[in-house]
Amino acid sequence: MAKRLDLNIFNSGVKVVKIGQLTKDIIDFLDLQCIPCDIVLWHDRLEYIEKHKSDFESEVDFYKHIELIPDIIENFDYIGKHPSDNSIQFIKRIDKYMLVGIRLKASGNLSLLSSYPITEEYLKKYIQSGTVWSYNEVKKNSNAK
């Protein structure tokens with residue numbers, strides 16, 4: 001069962017909600033300088049993400065994909081480390097490839113930066129540039145230890 005984000009939670013005055021966890025396997029694979037921690041979504045980032053609504057076929061399609069952010073983080077198909085903006089990217093194919101960007105920092109919880117669809121062509125460019133790897137590569141690396 002896919003984990004879902006209840007977007008109505010912010011209507012009740014909640015300001016931040018846990019959407020995932022940065023695990024030791026991911027930290028080791030991406031050679032990050034941090035410890036395992038929670039990944040959170042602040043209520044105001046949801047407003048920022050809404051600027052990507054036009055990248056979807058409909059508003060219903062947009063919300064369907066945004067609600068699946070926790071599942072994208074936990075069950076990613078690809079993961080990457082952005083070469084210049086100090087973030088990591090979780091990518092999963094739902095109806096389209098969805099990228100969830102998470103801001104990195106040395107300590108404390110990590111925050112969602114943005115989430116939006118990417119094309120298969122962009123995904124291939126990321127893989128070819130060596131900034132994105134498949135889930136299988138991460139698992140193979142963690143099993144080798």
Original post:
Where residues in segment 77-107 are among the basic types (Lys, Arg) and farther than 26 Å from Lys140 by Cβ, which of them is modelled with the highest pLDDT?
Top reply: Arg103
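Pull up segment 90-114, narrow it to residues that are among the hydrophobic types (A, V, I, L, M, F, W, C) and not in a strand (DSSP E or B), then point me to the one that is surrounded by the most Cβ atoms within 10 Å (Cβ to Cβ).
Kept after step one, since they are among the hydrophobic types (A, V, I, L, M, F, W, C), are these residues of segment 90-114: 90-91, 94, 98-100, 102, 104, 106, 110, 112-113.
Filter once more, so that each one left must be not in a strand (DSSP E or B): 94, 104, 106.
Numbers: Ile94: 15, Leu104: 18, Ala106: 8.
By that ranking, first place goes to Leu104.
If you scan segment 47-71, which residues turn out to be part of a helix (DSSP H, G or I) and crowded, with 18+ Cβ neighbours inside 10 Å?
At the first step, the residues of segment 47-71 found to be part of a helix (DSSP H, G or I) are 47-55, 59-67, 69-71.
Listed by number, the residues that qualify are Ile49, Phe62, His65, Ile66, Ile69, Pro70, Asp71.
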Subject >> Only listed residue being touching a strand residue (DSSP E or B) at 6+ places or on another chain (Cβ under 7 Å) and assigned to a loop (DSSP other than H, G, I, E, B), chosen from Leu41, Leu5 >> reply: Leu5
Subject >> Every residue from segment 72-89 that is among the charged types (D, E, K, R), under 20 Å from Ile127 (Cβ atoms) and not in a loop (DSSP other than H, G, I, E, B) >> reply: Lys81
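The values are calculated or read from the model by the stated rules, or taken from the named source; none is laboratory data. Because the structure is a prediction, the values reported are computed rather than measured. Note that we place each Cβ from the backbone using ideal geometry, even for glycine, and neighbour counts take in every protein chain shown.
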